Amino acid sequence: MTSAVGEHALILVLGDDPERTGDIESRFDSEWNGSDGDPAVAVETRAASPDALDAERTGDVDVVVVVDEAALDRVGSADRVGFVVAYVGDPTGETATDSVVDAVAGTPGALAETVAWLLARDRRAVVRSNPTRTPSRIERLNAGMAELAAVRSVDEAYRAAIAVAEQVFPEYQSVVAVRDGKWVEPVVTSSGTPVEDCDRVRVGTGVAGRAIRTGDTSIAPSANPDSQFDALLTVPVGDDVVFQLAADAAVETDEFDDADRRLAELLGSHLEETLDRIAVTERLRAERDKLLALFTNVPDPAIAYDYVDGEPIVRQVNDAFESTFGYDAEAVTGESIDEFIVPPDAGDGADDLNDRLQRGENVRREVTRVTADGPRHFILHVIPIHLDAANAAGYAIYTDVTERREREETLRRQNERLDEFASIVSHDLRNPLSIAEGYVDLAEETGDLDHLDRAADAISRMDELVADLLSLARQGQAVGETESVSLSDIARKAWESVDTDGATLTVESDATLRASRTRLCELFENVFRNSVEHGSTSSRAEPDDSVEHGRDSADDPLSVRVGATLRGDDGTAIDGFYVEDDGTGLPEEDIDRVFESGFTTDESGTGLGLAISKRIAEAHGWNVDARTAEGGGARFEFRTA
């Protein structure tokens, strides 16, 4: 064994991934040979399997380095292994805080130092190196440190310290006493001295009480004249524990000397280190349990991840993740989370996020992720365990903000609508109001009542604008209940409600739509009215241009066609319907503005009809486009899917 006298030692790196364990072996060997460690240590790398730690091999293993939970399970089921070191990035994780683990390391350098420390304290080294020689007291003390290094509770530490003392100081009795409020109580003693025979003392009184108060080591005669002991060597251990050696008055022994003092203080120092380690382990375990409880019970979906080869690999998910995204923990654990919930069209967004996380940055951003109910919007908050550390593990929490986004979008549309209303009210309504006031004033001044007729026309214009404004406001609402309706029936009904001025309607093909009957009828009425008003003779081009617009004469009645056949640019069929006329068509320079509220090329128009139709279509979840028909008229296409 390397630890005590330079003998051979065997280190076993155990894990499911041969590539990873091989890499750890190489890095550990490099660190060991480049440090104060003994290069004679042999490192063997094997992948974990049910028979990886068979009975013939476990007796030869001095230190087992476990790199994952599978390896830890194998070690826990083995009858006998050496020290167990967890080589993990998270010292608070389940692997690191398992009761089987003796020490934790997170880097190759720390692993080499930890292994060297454990080997130096393994008392098997003394036995294996020269079993015929009687070990010295310092060798027995070093060998006993393995007992302290292996304990996992405070009571075990006290008992192990007494066991070591019996090996190092066989001629003396030993006791460990612990502060309990105002008293110092004996808790563990040598086998020949019952705890009941040891007196408790107040803090600050007696040899043990003064050691607790002052923190000083002392050699002093027993203060109790009835005690069987005539001398005490007392060593404080931290702030609340004392270790004592007692010389029995009935047994002839040498007086305590400096060597006894140094060895007792060294034992006390190791006991203090052990108690500190146990306290740290308990704190880490408590913190891990709290973190696990928080992770498990947080209402938002959460994952714990590791970075492997540039990919965020899932280590654990909570219940909220399973219910939100529809994947069981078994399905995603060990896999890249991006493969499950990142939308295909995420583009460079996911790559940029991964780059920042690999640099150990704390990230908070809004993302879209695919859930069991379809794409939804989340605030993604990612917290690495170690900030600014490359490829650090961490936690990701997804807070659903879809409803908030929808409310914001609704508010945005409402604000836009208010702006539209304000513009129309301030301009379009003000003009006819001014005209009406002017003609009323003229009528009063001149007595000519014909001016009142013109004022009445202006008021009628205002009434029309108000009616359209109310309709436009109503179309921003949801459609409510829908039903299956016939495209042909709705189109013909709407046509009957419009002053067509001699125009004709042709339904070229029929289809069944899922829509609100009333509002779809209103959609058609506004589109038909637009065709009649803007495609009529008064607004068409000169007669010699009429052939270009699909009619033999400009005096021919306007023809409006409705159909259910739409084609994409590649000729594929698209669900929807169209309204097309053979009128004057749409001005090319303004074709993108025809659905804007208040836009019109007719001085007598309100500019709201097509805007109302678009709002009705959007309330149904449809899209609408305006374009020039093949015959030169206007064509409006409504895509329903």
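The values are calculated or read from the model by the stated rules, or taken from the named source; none is laboratory data. Please read these numbers as outputs of a predicted model, since none were measured by experiment. Cβ coordinates were reconstructed from backbone atoms using ideal geometry, including for glycine residues, and neighbour counts include every protein chain displayed. Side chains included, ligands, DNA and RNA excluded: accessible areas come from the protein's heavy atoms. Shrake-Rupley method; radii C 1.70, N 1.55, O 1.52, S 1.80 Å.
Selection of the stretch 323-340 for residues being at pLDDT 90 or above, closer than 17 Å to Thr399 by Cβ and surrounded by 17 or more Cβ atoms within 10 Å (Cβ to Cβ) yields Thr324, Phe325. Taking the stretch 561-583 as the range and being farther than 15 Å from Phe636 by Cβ and in a loop (DSSP other than H, G, I, E, B) as the test, the residues that pass are Gly568, Asp569, Asp570, Gly571, Thr572, Asp575. Of the residues making up the stretch 389-402, just one is polar (S, T, N, Q) and part of a strand (DSSP E or B), namely Thr399. Would a scan of the stretch 484-507 turn up a residue that is closer than 14 Å to Ala619 by Cβ, in a helix (DSSP H, G or I) and modelled with pLDDT of 80 or more? Looking through the stretch 484-507, none of the residues is closer than 14 Å to Ala619 by Cβ, in a helix (DSSP H, G or I) and modelled with pLDDT of 80 or more. Checking the stated criteria, Gly550 turns out not to satisfy the condition of being at pLDDT below 80 and either open to solvent by less than 30 Å² (accessible area, probe 1.4 Å) or in contact with a helix residue (DSSP H, G or I) (Cβ under 8 Å, 6 or more places away or on another chain) (or both). Name the residue that is modelled with the lowest pLDDT, counting only residues in the stretch 7-48 that are among the basic types (Lys, Arg) and under 15 Å from Gly106 (Cα atoms). Of everything passing the filter in the stretch 7-48, Arg27 is modelled with the lowest pLDDT. Listed by position, the strands (runs of 3 or more DSSP E) inside the stretch 226-317 whose residues that are closer than 30 Å to Val370 by Cα and open to solvent by less than 50 Å² (accessible area, probe 1.4 Å) number at least 2 are 302-308, 311-317. When the stretch 318-332 is filtered for residues that are under 11 Å from the mean Cα position of the chain (by Cα) and either aromatic (Phe, Trp, Tyr) or outside any loop (DSSP other than H, G, I, E, B) (or both), only Phe321 remains. The condition of being free of Cβ contacts under 8 Å to residues at least 24 places away in the same chain and touching a helix residue (DSSP H, G or I) at 6+ places or on another chain (Cβ under 8 Å) holds for only one of Pro225, Pro221, Pro186, that being Pro186.
Condition first: surrounded by 16 or more Cβ atoms within 10 Å (Cβ to Cβ), modelled with pLDDT of 85 or more, within 22 Å of Gly576 (Cα to Cα) and hydroxyl-bearing (Ser, Thr, Tyr). Can you find one or more residues in the stretch 522-534 that meet it? Within the stretch 522-534, one or more residues are surrounded by 16 or more Cβ atoms within 10 Å (Cβ to Cβ), modelled with pLDDT of 85 or more, within 22 Å of Gly576 (Cα to Cα) and hydroxyl-bearing (Ser, Thr, Tyr).
Yes or no: Arg364 open to solvent by 30 Å² or more (accessible area, probe 1.4 Å), within 23 Å of Gly93 (Cβ to Cβ) and basic (Lys, Arg)? No: the conditions fail for Arg364. When the stretch 79-93 is examined, which residues are found to be among the β-branched types (Val, Ile, Thr), under 24 Å from Ala390 (Cβ atoms) and modelled with pLDDT under 80? Passing the criteria: only Thr92. The one condition from (1) farther than 30 Å from Ser222 by Cβ; (2) out of contact with any Phe, Trp or Tyr (no Cβ under 9 Å at 6 or more places or on another chain); (3) modelled with pLDDT of 80 or more; (4) outside any strand (DSSP E or B) that Gly76 does not meet is (3). Just give me the residues in the stretch 355-388 being in a helix (DSSP H, G or I) and under 23 Å from Val298 (Cβ atoms), in sequence order. Result: Arg356, Leu357.
Apart from one condition, Ser423 fits all of (1) at pLDDT 85 or above; (2) open to solvent by 30 Å² or more (accessible area, probe 1.4 Å); (3) in a helix (DSSP H, G or I); (4) of a type in the set (Ser, Thr, Tyr); the exception is (1).
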